[in-house]
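These notes are about the structure you will find just below.
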Amino acid sequence: MLKHLSRIVSAVLLAGAVTAGPALAADLQEIIAAGKVRIGVPVDVAPFGSNDANNQPVGLDVDMANNIAKALGVELELQQITGANRIPYLATDKLDIVIAAMGATPERALQIAFTSPYAALSVGVFGPDSIAITSADQITSETIAVARGTTQDLLLTELAPNATIQRYDDDATAAAAFISGQAQLLATADIVAKDLMEKNPGAELKPKFLMQFSPCYIGIQQGSPELLRWLDTYIHVSQLDGTLSALSEKWIGTKLPTLPAI
Amino acid sequence: MNYNFRFNALAPYTGEILRGIGLTLQLTCLTMAIALVVGLFVALARMSDNRLLSGAAATYVEAIRNTPLLVQLFIVFFGLPSIGIRLDAYTAAVIGLSINVGAYAGEILRAGIQSIRPSQVEAGRALGMTAGQTFRSVVLFPAVKAIYPALASQFVLLLLATSVVSSLGAGELFHQAAFIDSRTYRSFEAYALITLTYLILTLGFRALFALVYWLVFVRRSRA
């Protein structure tokens, strides 16, 4: 019995060693043949992706996912994810596409591929009027809450290396830390801060300083050139025919600024 | 399996891992010490003749043992600020874990104390021992021997449970692995490394506890 087990284990390890190579993602034809596409959207970043009163996913990214599945002519398999796990979900082949208000960075592009941008936001640091700071280097004793691994986390780590940054599992917990007073400042997107203020009377999330204008890109696994080309074409056409701007007006309340292609 | 394993991507984060191990050990030892004190009071309260006192202790133990640890921690960290008690992540973690483990430790200590029958004390006195000698040799020593293995297990369970406080933003071992994952995107490598680290820590402690047991209880009773 034990002998068999050790044989099986070594066979598995050997198979892994032989086939270990770049991740083999499902490309466009495989997705169409399978008849379904696996798309990840945020669970905790309103107005991009959150749950409504009936616990159904809603938001700009959810609409994008529905539109894309419809245009592909396949069934949508929606998965709700957080900022910290959106890249691991792609890297470990749990999803084909991630639409999660994600910013592009050269480091992230080493792991996944980005399409052209489909929406835009600015990330910054927000807090009450009583804290008078206007730049990252003025942060001294204040604690800043942020969702781990997000664009704002990466920027803040670089801009304010001496600040007390508290990293939480997701945007919802980071927001809870700010609202419960465990952190004096919150690093997030301008749109998210506005949404939080509307939903939590008393929460004072005034912009202290903006760190970056950050367009949102769709992420896919590497090694799917046809899918990447198709998504870029879809975004290009949706920008020209006004679909993207209409989505931006519906969820964010502003027209989509002209975004350069990637 | 189509994945390139790159453990060398973790090398620049050795400092974070070591800090995480340090904080995990600190959290575990501090919590265990507090939990033993809490547990002793709980055990005495539960065995008390005062119905109010024993009822309160029983309620505490049942409430803690039948609710998730994460919920207890969130109440301490995110809930208490609503009534004006604001604790930092580390303090909240120590308090939350101590409240949790205190309930379990209380039950272990109660079982240990109750394992000593009154007749044993009478036997000790009948053999001519003083009250102090009887307490040391007939009550304390066998009671500690009886509960030692359970407390040692509780310590190891606590060490593993500290990973849950990562959600409060306390920078223990699991939090550091999640941080490294968010910077390198090497999920498997980061979590495999800390799996091994937790395993080494727990096996190390189990070996240490077994050695102490042998030195204190086995060798001494043979002598």
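Summary of computed values
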read-out: Cβ neighbours within 10 Å from other chains - mean over B:181-188; value: 6
read-out: DSSP H segments from chain A that extend 20 Å or more along their own axis, Cα-based, with Kyte-Doolittle mean of -0.5 or above; value: A:2-19, A:225-240
read-out: Top of B:VAL38, B:VAL121, B:VAL164 by mean-square fluctuation, Gaussian network on chain B, Cα under 10 Å; value: B:VAL121
read-out: Acute angle (nearest 10 degrees) that the helix B:51-65 long axis makes with the longest principal axis of chain B, alpha-carbon atoms; value: 30
read-out: Residues of region B:1-42 buried by at least 20 Å² on assembly (accessible area, 1.4 Å probe, chain alone as reference); value: B:MET1, B:ASN2, B:TYR3, B:ASN4
read-out: R0 of 41 Å, Cβ-Cβ distance B:ASN50-B:CYS29: FRET efficiency to nearest 0.05; value: 0.80
read-out: Accessible area (Å², per residue) of chain B, counting only protein heavy atoms and a probe of 1.4 Å; value: 52
read-out: Chain A: C-alpha pair distances exceeding 31 Å, %; value: 31
read-out: Rg followed by Dmax, in Å, when the protein assembly as shown is reduced to its Cα trace; value: 27.9, 100
read-out: Within 10 Å of each Cβ in A:86-92, the average number of Cβ atoms from other chains; value: 3
read-out: Test item: B:63-71 mean partner chain Cβ contacts at 10 Å; value: 0
read-out: Cβ-derived FRET efficiency at R0 35 Å, A:GLN80 paired with B:ASN4, nearest 0.05; value: 0.80
read-out: Helix axis angle, B:173-184 relative to chain B longest principal axis, alpha carbon, degrees; value: 10
read-out: Rounded percent of accessible protein surface that carbon and sulfur make up, chain A, 1.4 Å probe; value: 57
read-out: Cα-derived Rg over Rh, computed across region A:122-213 with Rh taken as Kirkwood radius; value: 0.91
read-out: Over chain B: Kirkwood hydrodynamic radius from C-alpha pairwise inverse distances, Å; value: 20.0
read-out: Accessible area per residue, Å², region A:122-213 with all protein chains present, probe 1.4 Å; value: 41
read-out: In degrees, nearest ten, helix B:89-114 long axis to first principal axis of chain B (Cα); value: 30
read-out: Region A:63-162 shape via C-alpha gyration tensor axes, a/c threshold 1.5; value: prolate
read-out: For region B:131-195 and region A:185-231, distance of Cα centres in Å; value: 37
read-out: Pairs from A:LYS36/A:LYS94; A:LYS194/A:LYS255; A:LYS206/A:LYS255; A:LYS194/A:LYS250; A:LYS36/A:LYS70 whose Cα-Cα separation, in the structure shown, is over 19 Å; value: A:LYS206/A:LYS255
read-out: Chain B: most fluctuating residue of B:LEU127, B:LEU151, B:LEU23 per GNM, C-alpha cutoff 10 Å; value: B:LEU127
read-out: Inter-part distance where region B:8-31 and region A:90-125 are each reduced to a Cα centre, Å; value: 30
read-out: Relative contact order, percent, chain B [alpha-carbon distance under 8 Å, six or more residues apart]; value: 29
read-out: Region B:126-190 - Debye-derived log10 I(q)/I(0), Cα point model, q = 0.19 Å⁻¹; value: -0.79
read-out: Interface area, B with A, accessible, probe 1.4 Å, both sides summed, Å² nearest 100; value: 2200
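The values are calculated or read from the model by the stated rules, or taken from the named source; none is laboratory data. For clarity, every value in this text was computed on a predicted model and none was experimentally measured. Don't worry about glycine lacking a Cβ; one is built from the backbone with ideal geometry, like all the others, and counts go over all protein chains shown. Areas reflect the complete protein model, heavy atoms only, side chains present, ligands, DNA and RNA absent. Shrake-Rupley method; radii C 1.70, N 1.55, O 1.52, S 1.80 Å.
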